[in-house]
Amino acid sequence: MLQGNEAVVEGALRAGCRFFAGYPITPATEISEILSVKLPQVDGTFIQMEDEIASLGAVIGASLAGVKAMTATSGPGFSLMQENLGFAVIAEVPCVIVNVMRGGPSTGLPTSPAQGDVMQARWGTHGDHPIIVLSASTVRECYEVTIHAFNFSEKYRTPVIVLIDEVVAHMREKMTLDDEEKIEIFNRVKPTVPPEWYIPYEDTPRGIPAMANFGEGYRYHVTGLTHDIRGFPTSRPDEIGPFIARLHRKISQHFSEIQMGEFYQTEDAEITIVAYGCVARSAKRAVREAREKGIKVGLLKLTTIWPFMRSSVEKVLQSSKVLIVPEMNMGQLSREVKRVNRGIAKVITINKVDGTIITPGEIMNRITEAKS
Amino acid sequence: MAEITKLIHKYLRHDKKFPHVWCPGCGIGIMLGALIRAIDRIGYEKDEIVLVSGIGCSGRLPVYVDFNTLHTTHGRALTFATGVKLAKPSLKVIVIMGDGDAVAIGGNHFIHAARRNIDLTAIILNNSVYGMTGGQYSPTTPYGMRSTTTVYSNIEQDFKISELAVTAGAVFVGRGTVYHAKLLDSLIEKALLKKGFSVVEVISHCHTQYGRQNRLGSAVEMMEWQRDHAVAVEKAATMKPEELRDKIVIGVLVDKELPVYQDEYDKIRERAKETIRR
Ligand SMILES: Cc1ncc(C[n+]2csc(CCOP(=O)(O)OP(=O)(O)O)c2C)c(N)n1
Ligand code: SF4
Ligand SMILES: [Mg+2]
């Protein structure tokens with residue numbers, strides 16, 4: 001039996017994470033505690049920093065030195081990380097940030113589940129930027145998604161955020177540590193050219209420049225200022241434009257590789273539930289109950305939250321006349337669903353922000369309502 | 001070309017677009033020279049040096065030199081440096097900060113880095129002002145001085161950066177000025193050679209902002225002020241607090257031994273491995 005937070009740790013170690021910096025916060029603390037034991041066993045490094053700003057700073061520094069690195073936090077700490085998150089985006093530094101969500105705003109509900117950080121994960125740091133955000137609805141997924149998070153961060157040179165619901169982080173489920181299907185581990189592509197030919201922020205067809213680690217002979221400049229292809233600050237529009245465009249393109253042109261989710265009984269569904277995290281579990285139950293009653297309901301479970309799985313929603317819209325979007329917030333991802341829907345189907349939202357989970361029964365009620 | 005100029009050129013990035021961003025007469029260039037001379041004397045390889053900075057006029061320093069350079073966010077340089085050093089201890093990590101950078105927005109990181117005794121060298125350019133943003137008061141602006149946000153008068157007391165570093169546990173703390181260039185060279189060299197968290201506070205001038213607002217004269221006049229107000233630590237020990245009020249105490253303030261973080265962490269790794277062997 002493994003806890004969600006424990007599975008995150010196992011996934012991180014399996015992915016090759018050897019550096020963790022963090023600041024304790026419920027409900028993510030177990031991740032710190034376990035890594036403080038396990039990282040030194042594998043010659044990795046754990047450090048408890050003075051706050052979450054420092055934690056992400058240290059993580060970025062470690063990654064630049066060539067070590068896969070992560071931090072874990074919850075809402076208040078995630079807010080503090082936003083500035084350095086933007087740094088990791090603009091300087092294209094791979095790193096993983098796990099946010100075990102709790103009720104907000106502010107100190108909010110430290111021990112209660114919520115999904116209130118979906119938009120903060122997307123837009124929390126200032127300026128236009130792409131981001132990858134993943135979620136998990138089972139303990140096994142905590143493990144797998146953490147591996148994918150490291151892989152994506154290394155592959156696309158970007159911070160990746162993993163949003164986990166408090167109940168998933170703390171639930172215990174049976175799980176073996178061997179992967180169900182072997183997930184290949186991806187490491188950043190390093191330059192192969194001699195140092196004098198290295199262009200650290202070169203525009204390549206894939207949009208992802210090779211990354212040299214500090215101390216390996218490729219001396220270059222890393223900055224949070226908008227920079228040219230050599231990494232030096234620039235204010236030239238003809239350099240700024242292509243740079244920002246590439247930052248977006250390197251994610252957008254790989255949309256299909258980043259999309260992870262599950263279509264559950266959606267082929268003939270007249271009603272489709274779009275859900276993520278622990279809510280997707282309740283939704284799956286509701287689908288089974290509804291099917292037993294002869295109602296054609298399906299579930300689109302989103303593991304990738306951002307970039308939004310637009311094409312998957314479009315696919316379920318081919319058969320469904322009703323979309324139900326249950327979320328433990330006031331309606332964050334449902335806005336995105338509505339944008340894709342553009343009036344095609346009826347979109348019903350279920351929003352709960354009282355610190356309790358959305359039950360299969362609550363979803364079932366809306367299914368019956370929608371049917372009548 | 002003078003030998004000293006040649007030396008600096010050996011370390012400058014020639015593919016970087018010059019001119020630099022600093023005002024003519026600014027003290028940051030002198031600090032850069034001192035740093036390069038110290039590095040050259042010790043004989044570090046360019047590849048093993050990581051120069052990390054925060055945001056500010058002083059934070060712009062790394063971009064010009066041919067090391068691994070990292071220009072971070074305002075106040076956070078030490079946190080990034082901590083990550084670099086712990087991830088790859090073989091690197092020599094040097095951190096450049098301004099006074100606002102180090103003890104205003106980054107004050108918390110500063111005291112904790114000192115307390116942890118991670119093997120880093122922090123060089124802080126103290127010009128008593130936020131230079132980059134146009135001359136607002138900083139935590140080191142003395143009481144009674146003017147800035148663009150204290151046009152009537154600064155009513156706050158100032159931090160003494162070096163004393164703060166001593167109290168926070170830094171194992172080496174030295175203070176110099178950009179006027180006393182030779183001393184600065186040796187302080188930086190000693191700090192670089194010291195294992196553990198070492199600090200060099202560099203008293204400098206920002207004649208274009210702070211100097212102008214307080215009618216302190218040109219860069220040269222402000223450097224003369226540094227000359228006239230500096231007192232060596234040894235002499236300061238014999239003086240009364242009243243006599244020292246407007247003085248800058250220069251020299252080595254602390255040089256002591258404490259367990260270094262990385263060495264301690266290596267022991268933790270050994271203990272952690274024993275627990276799995278058992
Ligand atoms: C989070 C954040 N707040 C404010 C700023 C604006 N800012 C840039 S530099 C600076 C002050 C710099 O002063 P100091 O650290 O003393 O460096 P100096 O320019 O004097 O060398 C400020 C407030 C910023 N870049 N980031
Ligand atoms: S504003 Fe002041 S600190 Fe900044 S470069 Fe000019 S003189 Fe130097
Ligand atoms: Mg300053």
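The values are calculated or read from the model by the stated rules, or taken from the named source; none is laboratory data. All figures in this text were calculated on a predicted structure; none of them were measured in a lab. So basically every Cβ, Gly included, is an ideal-geometry build from the backbone, and we count neighbours across all protein chains shown. Only protein heavy atoms, including side chains, enter the accessible area calculation; ligands, DNA and RNA are left aside. Shrake-Rupley method; radii C 1.70, N 1.55, O 1.52, S 1.80 Å.
Please indicate, with yes or no, whether at least one residue in segment A:170-184 is of a type in the set (Ser, Thr, Tyr) and either assigned by TED's automatic domain parsing to the domain that holds A:GLY66 or modelled with pLDDT under 95 (or both).
yes
Take A:ILE295 and decide whether it is without any contact (Cβ under 8 Å) to a residue 60 or more places away in the chain, more than 25 Å from A:ALA121 (Cβ to Cβ) and among the aliphatic types (A, V, I, L, M).
no
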* For residues in segment A:1-27 being in contact with a Lys or Arg (Cβ under 9 Å, 6 or more places away or on another chain) and aliphatic (A, V, I, L, M), which is farthest from B:ALA113 (Cα to Cα)? -> A:MET1
* Select, from B:ARG227, B:ARG245, the only residue that is away from ligand 2 (no atom under 16 Å from the Cβ), farther than 20 Å from B:ALA104 by Cβ and at pLDDT below 95. => B:ARG245
* Positions within segment A:230-247 being more than 23 Å from A:ILE131 (Cα to Cα) and not in a loop (DSSP other than H, G, I, E, B), in sequence order -> A:PRO237, A:ASP238
* Is it the case that some residue within segment B:86-99 is more than 10 Å from every other protein chain (Cβ to nearest Cβ) and more than 16 Å from ligand 3 (Cβ to nearest atom)? -> yes
* Leading residue by the ranking (farthest from the other protein chains (Cβ to nearest Cβ)) among those in segment A:205-231 that are hydroxyl-bearing (Ser, Thr, Tyr) and open to solvent by less than 30 Å² (accessible area, probe 1.4 Å) -> A:TYR220
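Which is of a type in the set (Asp, Glu) and touching a residue at least 60 places away in the same chain (Cβ under 8 Å), of B:GLU264, B:GLU242, B:GLU163, B:GLU234?
B:GLU163
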* Structure fact -> Quick count over segment A:255-313, residues being under 23 Å from A:ILE164 (Cβ atoms) and assigned to a strand (DSSP E or B), is 14
* Just checking, which of B:SER147, B:SER128 is out of contact with any Lys or Arg (no Cβ under 7 Å at 6 or more places or on another chain), open to solvent by less than 40 Å² (accessible area, probe 1.4 Å) and farther than 25 Å from B:ILE188 by Cβ? -> B:SER147
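A:ASN151 - would you say it is open to solvent by 10 Å² or more (accessible area, probe 1.4 Å), within 25 Å of the chain's Cα centre (by Cα) and in contact (Cβ under 8 Å) with a residue 12 or more places away in the chain?
So A:ASN151 fits the description; yes.
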* Which of the residues belonging to segment B:103-119 are touching a strand residue (DSSP E or B) at 6+ places or on another chain (Cβ under 9 Å) and within 11 Å of another protein chain (Cβ to nearest Cβ)? -> B:GLY106, B:PHE110, B:ALA113, B:ARG116, B:ILE118
* Asked: When segment B:1-21 is examined, which residues are found to be more than 14 Å from chain A (Cβ to nearest Cβ) and among the hydrophobic types (A, V, I, L, M, F, W, C)?
  -> B:MET1, B:ALA2, B:ILE4, B:LEU7, B:ILE8
* Asked: Failed condition for A:GLU239, given (1) charged (D, E, K, R); (2) more than 8 Å from chain B (Cβ to nearest Cβ); (3) open to solvent by 70 Å² or more (accessible area, probe 1.4 Å), with all others met?
  -> (3)
